[in-house]
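First comes the structure, then the notes that go with it.
The values are calculated or read from the model by the stated rules, or taken from the named source; none is laboratory data. As the structure is a computational prediction, the values presented were derived from the model and not from experiment. A quick note on method: Cβ atoms are made from the backbone with ideal geometry, for glycine too, and the neighbour counts reach across all protein chains shown. Surface areas here come from the heavy atoms of the whole protein model, side chains and all, with no ligands, DNA or RNA. Shrake-Rupley method; radii C 1.70, N 1.55, O 1.52, S 1.80 Å.
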Amino acid sequence: MKTAVIVFPGSNCDRDIAVALESVTGRKPEMVWHGESELPAGLGLIALPGGFSYGDYLRCGAIAARSPVVRAVVEAAGRGVPVLGICNGFQVLTETGLLPGALMRNAGLNFVCRDVPLTVETSQSIFTSAYAAGEGITIPVAHHDGNYFADAATLDEIEGEGRVAFRYATDVNGSARRIAGLLNKSGNVLGMMPHPERRIEAAHGGTDGRRLFEGLLEAIA
Amino acid sequence: MKLRIIVTLKNGVLDPQGKAIQHALGGLGFEGVDDVRAGKIFELEVAESTSDAAIDEMCRKLLANTVIENYRIEKQ
């Protein structure tokens, strides 16, 4: 599978996701700089990495969401290309409008950096097909602005459509309904605050993250 | 033309930073501070010919995230 990692000034998990993708797909991803206005052809996945794009100026992900390459990502997402936004990448996805809601400062105000237990809410997506619905997994988080907010009507709609992919088992950051990962309507875009690319091999303390990428590889093969 | 754009959180959106500031004011001995909401101010210098519609679009497209924020435009 051919993949691409979008690199913004201030991204700092771009190498982590690149190593994870190469480990699972056997192929080095294309690293695409933020100023590019076109993406490589034939991509099976576009990854928006964690970090602090553009220094988190204005709002987390706000400037990145208006960059030339992200306009191309939005267009590709519209054509059904799978897009995965992790941490800052999730913030970028909400700022583009590809995913509803917004990610605000953690309710406890602290930067949270630790392993967190998650519940997989659905196995009916290309990103979660390798998990069982209701399964408990452990993936690390590292963020200051992961407090998911959306109005009640939007939350009900998301839940009703089975679009919550992952939920924190216990409260981590004040997120509405403990939402940790969220799918778009057509299921080809996933945003999540936890870092699956940091749970790829046994030396990471577990491989719960690896199955996301393995499932995706199998689902779109 | 000088513009001042004030961006504030919508009612009903929790503001942890405002809460922390409120507590800090209490810690300094200021009593009776019932609520604090943090926001942002942008000062823009734009061409005189800039239309109201364009200014509004700047706010909606970038300066404010209308999912969580309101904005107010002041011309000076």
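List of remarks:
- The range A:59-155 shape via C-alpha gyration tensor axes, a/c threshold 1.5: oblate
- Those residues of the range A:8-25 whose amide nitrogen sits under 18 Å from the label point placed on A:R66, 7 Å along Cα→Cβ: A:8-10
- Tensor-based shape of chain A (alpha-carbon gyration tensor, a/c under 1.5 rounded, otherwise prolate or oblate): rounded
- Peptide-level mean, for B:60-69, of C-beta atoms on other protein chains within 10 Å: 5
- Fraction of beta bridges assigned by DSSP in the protein assembly as shown that are antiparallel (%, nearest 5): 70
- Rounded to the nearest 20 debye, dipole of the range A:129-176 from Cβ charges on Lys, Arg, Asp, Glu: 220
- Overall, the anisotropy analysis places the range A:118-221 in the oblate class: the square-rooted eigenvalues a ≥ b ≥ c of its C-alpha gyration tensor yield a/c not less than 1.5, with a/b not exceeding b/c.
- Separation of the alpha carbons by more than 26 angstrom is noted, of B:K19/B:K61; A:K185/B:K19; A:K28/A:K185; B:K2/B:K61; B:K2/B:K40, for B:K19/B:K61; A:K185/B:K19; A:K28/A:K185.
- Cβ-based net charge around A:E214, under 15 Å, with every Lys or Arg adding one and every Asp or Glu removing one: -2
- Placing a pseudo-label 7 Å from each Cα along the Cα-to-Cβ vector at A:D151 and B:K2 gives an inter-label distance of 3.5 nm.
- Charge dipole of the range A:3-220 (Cα centre as origin; +1 on each Lys and Arg Cβ, -1 on each Asp and Glu Cβ, all else neutral): 160 debye, rounded to the nearest 20.
- Whole-Hz Karplus values for the range A:4-13 come out as 9, 10, 7, 10, 9, x, x, 5, 9, 10 Hz, taken residue by residue from phi with 6.51 cos²θ - 1.76 cosθ + 1.60 and θ = phi - 60°; glycine and proline positions read x.
- Protection proxy ranking for A:109-117, B:43-51, B:3-11, A:162-170, using the average of other Cβ atoms within 10 Å per residue and placing the highest first: A:162-170, B:3-11, A:109-117, B:43-51.
- Rounded to the nearest 10 square angstrom, A:H143 shows an accessible area of 0 square angstrom against a 1.4 Å probe.
- Peptides A:210-218, A:186-194, A:152-160 ranked from most to least packed give A:186-194, A:210-218, A:152-160, packing being the mean of other C-beta atoms within 10 angstrom over each peptide's residues.
- A crude spin-label estimate for the pair A:A203 and A:R167, with each label 7 Å from Cα along the Cβ direction, gives 3.7 nm.
- Model label points for A:K2 and A:V19, set 7 angstrom from Cα along the Cα-to-Cβ axis, are 2.6 nm apart.
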